[in-house]
1. How charged is the neighbourhood of B:Gly109? Take every other residue with its Cβ under 10 Å from the Cβ of B:Gly109, and add Lys/Arg as +1 and Asp/Glu as -1.
2. Rank A:Thr110, A:Leu96, A:Thr30 by how far each Cα sits towards the positive end of the charge dipole of the stretch A:5-114 (+1 on Lys, Arg Cβ; -1 on Asp, Glu Cβ) and give me just the farthest.
3. Taking only the Cα atoms of chain A, how large is their convex hull per residue, in Å³?
4. Efficiency by 1/(1 + (r/R0)^6): what FRET value for B:Lys68 and A:Ser38, r their Cβ-Cβ distance, R0 = 41 Å, to the nearest 0.05?
5. Taking each residue of A:54-62 in turn, how many C-beta atoms of other protein chains fall within 10 Å of its C-beta, and what is the average?
6. As an exercise, identify the chymotrypsin sites (Phe, Trp or Tyr not before Pro) in the stretch A:1-41 lying in DSSP coil whose Cβ has no more than 14 other Cβ atoms within 10 Å.
7. Quick one: which residues, 5+ away or cross-chain, put their amide H under 5 Å from the amide H of A:Leu46? H built at 1.01 Å from N.
8. Taking 7 Å along the Cα-to-C-beta vector as the label spot, tell me the B:Arg111-A:Thr103 distance in nanometres, rounded to one decimal.
Amino acid sequence: GAGVSQSPSNKVTEKGKDVELRCDPISGHTALYWYRQSLGQGLEFLIYFQGNSAPDKSGLPSDRFSAERTGGSVSTLTIQRTQQEDSAVYLCASSLMGLPTDTQYFGPGTRLTVL
Amino acid sequence: AQSVTQPDIHITVSEGASLELRCNYSYGATPYLFWYVQSPGQGLQLLLKYFSGDTLVQGIKGFEAEFKRSQSSFNLRKPSVHWSDAAEYFCAVGDKSNFGNEKLTFGTGTRLTIIP
């Protein structure tokens, strides 16, 4: 598989629990993005990684959200003390170098439901 | 800040008919513009993109889009739709952030239904 993969595909959790969402980017892509797709908000940017660094965290909605990337590859988005408003589809994308001319390739997403 | 407006939430067309999905953007400089398609249960797939040059851009699956600076528009067109085109379509504008990376600002999407 040469595309972006995400796991789990679906996650149901109870309010107040922590969740971890995983993203495997396309091999060789140094840039990695997390977006959130929710009703009423559309698709919104969360965070950008270049290698293992996250120079742009401007879209993270609160300090309950964090993300890391290791080995310049896999990334994990962690949501602590989940709230019902966190319910959404979380999409990961990767691109070759993060340049404007680089296409962002998206994974299938993780659907998070907070009860 | 940049923004993208897709005025049509839902469009229904007959199979074989022509299609135009509207997209308007707000951006201070020459924008980078994209159209993505999302089929049920699938991730976003890039249909086409515009950076500069020829304002009529050809994409995959027989789609094209035209950049009109005077109208701040980047409408997506297809001369004859197929049932497999039923999906959600997103217009996006790319922006270089203060951190040097590219990030996309999306419209709210247009859901396309095809009737036989």
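Derivation of every value follows stated rules applied to the coordinates shown; laboratory data play no part. None of the values given here were measured: they were computed from a predicted structure. Cβ sites come from the backbone with ideal geometry, for glycine too, and all protein chains shown count toward neighbours.
1. -1
2. A:Thr110
3. Numbers: hull volume 10.7 nm³, N = 115.
Spread over its residues, the Cα hull of chain A gives 93 Å³ apiece.
4. So, using R0 = 41 Å, E works out to roughly 0.85.
5. Values: counts 2, 5, 7, 1, 4, 2, 0, 0, 0.
Counting Cβ atoms of other protein chains within 10 Å of each residue's Cβ and averaging gives 2.
6. Working: sites: A:Tyr33, A:Trp34, A:Tyr35; in loops: none.
Qualifying residues, ordered by number: none.
7. Distant-sequence amide H within range of A:Leu46: A:Trp34, A:Tyr35, A:Arg36.
8. 2.7
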